[in-house]
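First up is the structure itself, then whatever we jot down about it.
The values are calculated or read from the model by the stated rules, or taken from the named source; none is laboratory data. Source: prediction; values computed, not measured. Positions of Cβ are backbone-derived with ideal geometry, glycine not excepted, and every protein chain shown enters the neighbour counts. For accessibility, only protein heavy atoms count, side chains too; no ligands or nucleic acids. Shrake-Rupley method; radii C 1.70, N 1.55, O 1.52, S 1.80 Å.
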Amino acid sequence: DLLWPISSLLVRISIIEREVTDPKALEYFGFYKEQTERLHHIVTELINLTRIKKWKVRHNSINFADLIERCIRQYQFLPNYDQIDFRVEVQEELSYFSDELTITTIIQNLIENAVKYANINQATCWVKVSVVKEEKQLLICVEDNGIGIKEEYQPRIFEMFFRANDSGEGSGLGLYILKNAVDKLHGEIMLRSAYGKGSLFCIELPLQMSEATSAELQRDAESG
């Protein structure tokens with residue numbers, strides 16, 4: 001009910017941008033478009049949060065290399081995207097079964113956060129995404145050399161609508177959604193951040209299924 005009229009407004013704005021030629025009018029509609037897009041993003045994130053809370057976990061084989069690549073491409077419209085060097089490291093022959101929707105939500109929010117708060121005033125901006133399976137857990141880590149998070153804000157960054165940056169970017173929902181997604185999979189979040197130097201988020205997820213169950217699911221997936 002909320003998303004449809006907002007989407008309709010964005011369609012009408014795109015028509016105005018094509019048909020109106022007056023520079024001052026286009027400037028005013030530019031402000032209008034910016035706020036409408038922000039509202040669209042907030043409503044979309046609230047919908048995603050509702051889905052996470054109600055979604056029944058389904059275990060499937062996760063192809064992390066493909067999933068991470070899709071998540072990175074999704075944010076190519078963000079202002080800092082073209083200035084970032086993305087580095088992806090996925091453990092070879094990694095076999096892991098979990099809920100793909102929830103895993104995607106986790107990686108999306110980590111990458112979006114890293115891109116939004118990149119420090120473009122330096123020679124090289126980079127975001128490193130790595131996935132490795134240890135003896136009792138899976139580690140999904142996203143590290144960057146962005147603007148970082150002030151120490152006094154770090155205990156609150158997973159609160160709903162809390163923003164650690166006063167630049168006006170973001171809705172304060174991304175990391176809250178991340179926390180809910182990680183909780184859904186009974187995982188933990190580790191954060192290490194230094195203001196002005198960058199951040200490291202590591203998600204620890206349990207290896208919940210036995211090898212026999214994993215093998216059975218793998219056979220089902222291969223047989224279609």
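Distance between the modelled labels on residue 26 and residue 190, one decimal in nanometres: 5.1 nm (7 Å Cα→Cβ projection).
Max-minus-min Cα coordinates of the range 53-162 on each principal axis give 41, 31, 29 Å, with the largest extent listed first.
Once a ≥ b ≥ c are taken as the square roots of the eigenvalues of the Cα gyration tensor of the range 118-197, is the result rounded (a/c under 1.5), prolate (a/b larger than b/c) or oblate (a/b not larger than b/c)?
Details: a/c = 2.17, a/b = 1.23, b/c = 1.77.
Verdict is oblate for the range 118-197.
For the chain, what does the relative contact order come out to in percent, with C-alpha contacts under 8 Å and a separation of six or more?
Working: 323 pairs, mean separation 42.4, N = 224.
Rounded, it is 19 percent for the chain.
Compared with the dominant Cα axis of the chain, that is its longest principal axis, helix 3-19 is turned about 50°. The share of alpha-carbon pairs in the range 16-82 lying farther apart than 15 Å comes to 74%.
State the extension gain, in nm to one decimal, for the chain segment bounded by residue 6 and residue 95, taking 0.36 nm per residue of separation less the distance between their alpha-carbons.
Values: separation 89, 0.36 × 89 = 32.04 nm, distance 4.08 nm.
Roughly 28.0 nm would be gained on extension.
Taking Cα atoms only, the orientation of helix 23-54 departs from the longest principal axis of the chain by about 30 degrees. Relative to the current alpha-carbon distance between residue 78 and residue 46, full extension at 0.36 nm per residue lengthens the span by 9.5 nm. The P(r) of the range 77-122 has a tail past 12 Å containing 71 percent of all C-alpha pairs.
For the range 4-93, applying the loop criterion from DSSP together with a ceiling of 16 other beta carbons within 10 Å to the GluC sites (Glu not before Pro) yields 92, 93.
Per-residue ellipticity at 222 nm computed for the chain from its helices equals -15000 deg cm²/dmol, with DSSP H segments shorter than 4 residues left out and the rest contributing -39,500 (n - 2.57).
Step through the table entries 54/116; 133/179; 33/116; 150/184, compare each Cα-Cα distance with 23 Å, and write down the pairs that go over it. Please report the intermediate quantities before stating the final value.
Values: 54/116 28 Å; 133/179 20 Å; 33/116 19 Å; 150/184 27 Å.
Too far apart for the 23 Å limit: 54/116; 150/184.
Please state the relative contact order of the range 49-171 as a whole percent: Cα pairs under 8 Å, 6+ residues apart? Provide the component values of the computation, followed by the final result.
Values: 150 pairs, mean separation 29.3, N = 123.
Once normalised by length, the contact order is 24 percent.
Solvent-accessible surface (1.4 Å probe) assigned to residue 11 amounts to roughly 80 Å². In the calculated pair-distance distribution of the chain, the portion above 26 angstrom amounts to 44 percent of the Cα-Cα pairs.
Among the chymotrypsin sites (Phe, Trp or Tyr not before Pro) found in the range 1-107, those both in a DSSP coil and sparsely packed, with 15 or fewer other Cβ atoms within 10 Å of their Cβ, are 55, 77.
About the centre of its Cα atoms, the chain shows a dipole size close to 560 debye [charges on the beta carbon of Lys, Arg (+1) and Asp, Glu (-1) only; nearest 20 debye]. Relative to one another, the C-alpha centroids of the range 1-66 and the range 84-107 are positioned 25 Å apart. Measuring only protein heavy atoms, the 1.4 Å probe finds residue 100 accessible over about 70 Å². Against the longest principal axis of the chain, how steep is helix 64-74, in degrees 0 to 90 to the nearest 10, with axes from Cα atoms? That helix lies at roughly 0 degrees to the long axis.
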